[in-house]
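Participant: The structure follows.
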Amino acid sequence: MAGQINAFEMAQKQFDSVAKQLHLDPGVAEVLRWPMREFSFRIPVRMDDGSLRVFQGFRVQHNDARGPNKGGIRFAANETMDTVRALATWMTWKCAVADIPLGGGKGGIIVDPSTLTLNEKEEMCRGWVRAMWKNIGPRNDVPAPDIGTTPQMMGWMMDEYSRLVGQYTPGVFTGKPIGGGGSLGRTEATGYGVIYTVREAMNHLKIDPKNSVAAIQGFGNVSQYASIGFVELLGGTVACVSCYDRHDKKAYTYSKKGGIDPRFLLTIVDEYGTINKQKAQDAGYIVEDGDAWISKEANVLIPAAMEGQVNSDTVAKMSKGIKIVAEGANGPCTPEADEYFKKQNIFNIPDFLCNAGGVTTSYFEQVQNDMNYYWTRDAVLERLDTKMTHAFNAVLDRSKGEKVYMRDAAYMVAIDRVVNAMAMRGWLSGNA
Ligand code: NAD
């Protein structure tokens, strides 16, 4: 069951299997299977009703051999240290596979942000920075938004850090608002990045994108732009999207005959990725149970909501026509699902390759902050496409060359790069 999956155990299991294939020195493997540093702290927040509440915060820095740690901050009710560890670990592999000079970090707060007022959210953001500011920074650790956090929140966090260090420091957080140090193209970057890799996979498998149909889980930042990209960049059809309805406290799948219109759905979704059910039904959308997305007739499956969604229970429900699974979310497919994909000859685009568009554009944002010179949206997306295409093909070449599964090939490319950086810095000689 999805609820019982420990994401960090899954991240370690994936790593261990590739470390074995690479004959990695056991000591080096031990360095990489755990984060280098972990922070766990309490954040007191004065609520609007006058009460003082204390929230649990986290930051994990997995490995910074290739450059400053990089990774989002989640505000989620089900956040755990192990989830943060897993996501920080995957960030190390993601930055390495995308070949950007950054390491792996992740953070979070245990809170449902939809229960907070604007003022409480700002207090919480500033509180997180007050707890962590000495251990983050543009040359140290650069957080960004993730589930439950927004560009506005990154603006507050950057402001709090700048106040504490006494200097305007836009490069300390990425995913900031446009005009407040943010980069054009960041909003669509992860979803479009997913689509650039799907395009390359179709090219490799000789699949016509125009005759392709995608079934997508989620309708948050990643899935919104993956849906738009699938329709507008590839000319394909999106059979369905899904979302967790925070009012009904359950997930729904939204589909429409002839395919959904993602631009329309964008007008009736809230900032937490919940589609307005009534407005969707009024516009002729079919609303089904949250699980229905996985069995829709399609040849591309894009799980882009959360971890552990394609697992031993749900994989059997997958449409038999699926040829490509593009992991928009982090850790959406379990090792059991991988075994199924291998048996069925389904082409997998692993998460830390598939969704690397977000961090790549965050890196571009930092570069622009450093230069204090901002690029056009087209320039950002063109550079993103080049990076994603190179990353995809480096992994595909390794997969073909060593006859290994795409996830293993991505790990091989990433682990080699991180181990090389550690060796070049002398971390493995025992003198560091
Ligand atoms: P988001 O909060 O904007 O959206 C999440 C979406 O998933 C929402 O529509 C929510 O309703 C839906 N959802 C949650 N539980 C669900 C369920 N049980 N069934 C169906 N839908 C469900 O988050 P996001 O930024 O789009 O991130 C999605 C995933 O992608 C996460 O795993 C995140 O770590 C990963 N990711 C995000 C980025 C980014 O730039 N935003 C980059 C890389 C990876």
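Participant: Find how many whole Å separate the alpha carbon centroid of segment 310-360 from the alpha carbon centroid of segment 77-134.
Facilitator: If you average the Cα positions of each part, the centres end up 24 Å apart.
Participant: Run the accessible area of segment 37-119 with a 1.4 Å probe and give the carbon-and-sulfur part as a rounded percent.
Facilitator: Of the solvent-accessible surface of segment 37-119, carbon and sulfur hold 51 percent.
Participant: Can you list the chymotrypsin sites (Phe, Trp or Tyr not before Pro) in segment 288-392 that are in a DSSP coil and have 12 or fewer other beta carbons within 10 angstrom?
Facilitator: Of the chymotrypsin sites (Phe, Trp or Tyr not before Pro), the ones in loops of segment 288-392 whose Cβ has at most 12 other Cβ atoms within 10 Å are 373.
Participant: Let me ask another. Could you work out the relative contact order of segment 368-432? I mean the mean sequence separation of Cα pairs under 8 Å and 6+ apart, divided by the number of residues, in percent. The partial results should precede the final answer.
Facilitator: On the way: 21 pairs, mean separation 10.5, N = 65.
Value for segment 368-432: 16 percent.
Participant: Okay, moving on. Relative contact order for the chain: what is it in percent, counting Cα pairs under 8 Å that are at least 6 residues apart?
Facilitator: Once normalised by length, the contact order is 16 percent.
Participant: Which residue, 304, 77, 189, tops the fluctuation ranking in a GNM of the chain built on C-alpha contacts under 10 Å?
Facilitator: 77
Participant: Which residue, chosen from 229, 335, 27, occupies the Cα position most advanced towards the positive end of the dipole of the chain, where the dipole is computed from +1 (Lys, Arg) and -1 (Asp, Glu) charges on Cβ about the Cα centre?
Facilitator: Positive-most Cα among the choices belongs to 27.
Participant: Hydropathy first: keep DSSP H helices in the chain averaging at least 0.0 on Kyte-Doolittle, then drop any whose Cα extent along the axis falls short of 15 Å, and list what survives.
Facilitator: 81-97, 221-232, 406-424
Participant: Of 102, 22, which has the most accessible area with a 1.4 Å probe, and how do the rest follow in descending order?
Facilitator: Details: 102 5, 22 40 Å².
Accessible-area ranking of 102, 22, largest first: 22, 102.
Participant: For segment 187-354, what are Rg and Dmax over the alpha carbons, in angstrom?
Facilitator: Spelled out, the Cα radius of gyration and Dmax of segment 187-354 are 14.4, 43 Å.
Participant: Let me ask something else about it. Mind giving me the nanometre distance, one decimal, between the label points for residue 80 and residue 420, set 7 Å out from Cα along Cα→Cβ?
Facilitator: Result: 3.6 nm between the two label points.
Participant: Looking only at trypsin sites (Lys or Arg not before Pro) in DSSP loops with at most 11 other Cβ atoms within 10 Å, what is the longest site-free stretch of the chain?
Facilitator: So the longest stretch without any such site is 1-138.
Participant: Go ahead and estimate [θ] at 222 nm for the chain from helices alone: -39,500 (n - 2.57) per DSSP H run with n ≥ 4, summed, over the residue count, rounded to 500.
Facilitator: Values: 14 runs with 187 residues, N = 432.
One gets -14000 deg cm²/dmol as the mean residue ellipticity at 222 nm.
Participant: Based on the Cβ-Cβ distance from residue 336 to residue 163, what FRET efficiency comes out when R0 is 35 Å, to the nearest 0.05?
Facilitator: Computed FRET efficiency for residue 336 and residue 163 comes out at 0.15.
Participant: Give the Rg (one decimal place) followed by the Dmax (whole number) of the chain, computed from C-alpha coordinates and expressed in Å.
Facilitator: 20.6, 67
Participant: Also, I was wondering about something else. Can you pull the one-decimal nm distance between simple spin-label points at residue 135 and residue 316, each 7 Å off the Cα toward Cβ?
Facilitator: Simple spin-label model gives 4.4 nm for this pair.
Participant: Got a sec? What order do 314, 237, 386 fall in by accessible area at 1.4 Å, biggest, i.e. largest, first?
Facilitator: Listed by decreasing accessible area, they come as 386, 237, 314.
Participant: Please give the solvent-accessible surface of residue 213 in Å², to the nearest 10, using a probe radius of 1.4 Å with every protein chain present.
Facilitator: So the heavy atoms of residue 213 present about 40 Å² to solvent.
Participant: Taking loop as defined by DSSP and a crowding limit of 16 other beta carbons within 10 Å, which chymotrypsin sites (Phe, Trp or Tyr not before Pro) in segment 115-170 fit? Working shown, then result.
Facilitator: Values: sites: 128, 133, 156, 161, 168; in loops: 168.
Filter output for segment 115-170: 168.
Participant: A follow-up question, please. Measuring from a point 7 Å past the Cα of residue 400 along Cα-to-C-beta, which residues in segment 208-224 have an amide N at less than 18 Å?
Facilitator: 208, by backbone N distance to the label point.
Participant: With a probe of 1.4 Å, find how much accessible area segment 37-183 has per residue, and write the answer as a whole number in Å².
Facilitator: Normalised by residue count, the accessible surface of segment 37-183 is 34 Å².
Participant: Using DSSP, restrict attention to beta bridges with both residues in segment 37-183 and report what percent are antiparallel, rounded to the nearest 5.
Facilitator: On the way: 17 of 26 bridges.
Bridges in segment 37-183 that DSSP calls antiparallel: roughly 65 percent.
The values are calculated or read from the model by the stated rules, or taken from the named source; none is laboratory data. Note that the structure is a prediction, hence the values are computed from the model and not measured. Please note: Cβ atoms are built from the backbone with ideal geometry, for glycine as well, and neighbour counts cover all protein chains shown. Ligands, DNA and RNA are excluded from the accessible area calculation, which covers all protein heavy atoms including side chains. Shrake-Rupley method; radii C 1.70, N 1.55, O 1.52, S 1.80 Å.
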